[in-house]
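The values are calculated or read from the model by the stated rules, or taken from the named source; none is laboratory data. Worth saying up front: this structure is predicted, and the values here are computed from it rather than measured. Cβ placement follows ideal geometry from the backbone for every residue including glycine, while neighbour counts extend to all protein chains displayed.
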Amino acid sequence: MYHFYEPTGEIGLPYSPVNAIIAPRPIGWISSLSASGEANLAPYSYFNVFNRRPPIIGFSSMGYKDSVRNIEATGEFVWNLVDESLADAMNATSAPVPGDEFEVAGLSKRAGRIVSAPLVDAAKVNFECRLSQIVQLTTASGTSLDTWLILGEVVGVHIREDLLVDGLFDTSAAQPIARAGGPATYFKIGPSFEMPGP
């Protein structure tokens, strides 16, 4: 037996399971600057990497929010890795607050090497990015949605040196957290296993 539903109708469940099925999802903790130089920091649960060389990452914003506006205006942003020690600060930056979310969450900024947008100083990894595309999403029938996909080329990578083991990034040691299904569920990275490709 399978539970079947059409997502645009009555789903027969208390919460859409799609976000729980496509999980865990890395957190897009995006810092940017407005055209006037005001810092912004916001987490996005729809985030991933889409190309290897050059690396292109992207996140989706439901609504034309400050991050989208800033990135469109300046052409730059920074992705900051969220580990368990930064979970509360990341959560605080999800609130719609006036002013600088860095200050609201008690976070220090660090200057980048290439882009003007600030880095989260406490993050173990930061990607400096330049905007490559902003795409307004549409339905299959062509109806425009108030949802915006931002894609950026990673032009600078900052990795805390203790996370490099024999030249390889140690994901488990970085302890990233990821978004899961439901209104407030997160995952921690667990044990890994090796499986060489064919």
Any residue in the stretch 174-198 that is at pLDDT 80 or above sitting within a Cβ distance under 7 Å of a residue that is part of a loop (DSSP other than H, G, I, E, B) and among the β-branched types (Val, Ile, Thr)? List the pairs, counting only those 6 or more apart or interchain. Gln175/Ile189; Pro176/Val82; Pro176/Ile189; Ile177/Ile27; Ile177/Val82; Ala178/Ile27; Arg179/Ile27
Of the numbered conditions (1) free of Cβ contacts under 8 Å to residues at least 24 places away in the same chain; (2) surrounded by 15 or more Cβ atoms within 10 Å (Cβ to Cβ); (3) among the charged types (D, E, K, R), Glu161 satisfies every one except a single condition; which is it? (2)
For the stretch 94-109, how many residues meet the condition of being in contact (Cβ under 8 Å) with a residue 40 or more places away in the chain and more than 11 Å from Leu41 (Cα to Cα)? 0
For the stretch 120-138, indicate whether the set of residues that are under 22 Å from Glu38 (Cα atoms), acidic (Asp, Glu) and not in a strand (DSSP E or B) is non-empty. yes
Of the residues in the stretch 131-189, those that are more than 17 Å from the chain's Cα centre (by Cα) and under 27 Å from Ala111 (Cα atoms) number 12
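Quick grid of which residues meet (1) surrounded by fewer than 20 Cβ atoms within 10 Å (Cβ to Cβ); (2) free of Cβ contacts under 8 Å to residues at least 40 places away in the same chain; (3) among the small types (Gly, Ala, Ser):
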residue: Ile11; (1), (2), (3): yes, yes, no
residue: Ser34; (1), (2), (3): yes, no, yes
residue: Ile57; (1), (2), (3): no, no, no
residue: Val68; (1), (2), (3): no, no, no
residue: Glu76; (1), (2), (3): no, no, no
residue: Asn80; (1), (2), (3): no, no, no
Could you run through the stretch 139-152 and say how many residues are part of a strand (DSSP E or B) and either without any contact (Cβ under 8 Å) to a residue 24 or more places away in the chain or within 14 Å of Phe59 (Cβ to Cβ) (or both)? 8
With (1) farther than 21 Å from Phe187 by Cα; (2) without any contact (Cβ under 8 Å) to a residue 60 or more places away in the chain; (3) surrounded by fewer than 14 Cβ atoms within 10 Å (Cβ to Cβ); (4) not charged (D, E, K, R) as the list, and Gly63 as the residue in question, which single condition is left unmet? (2)
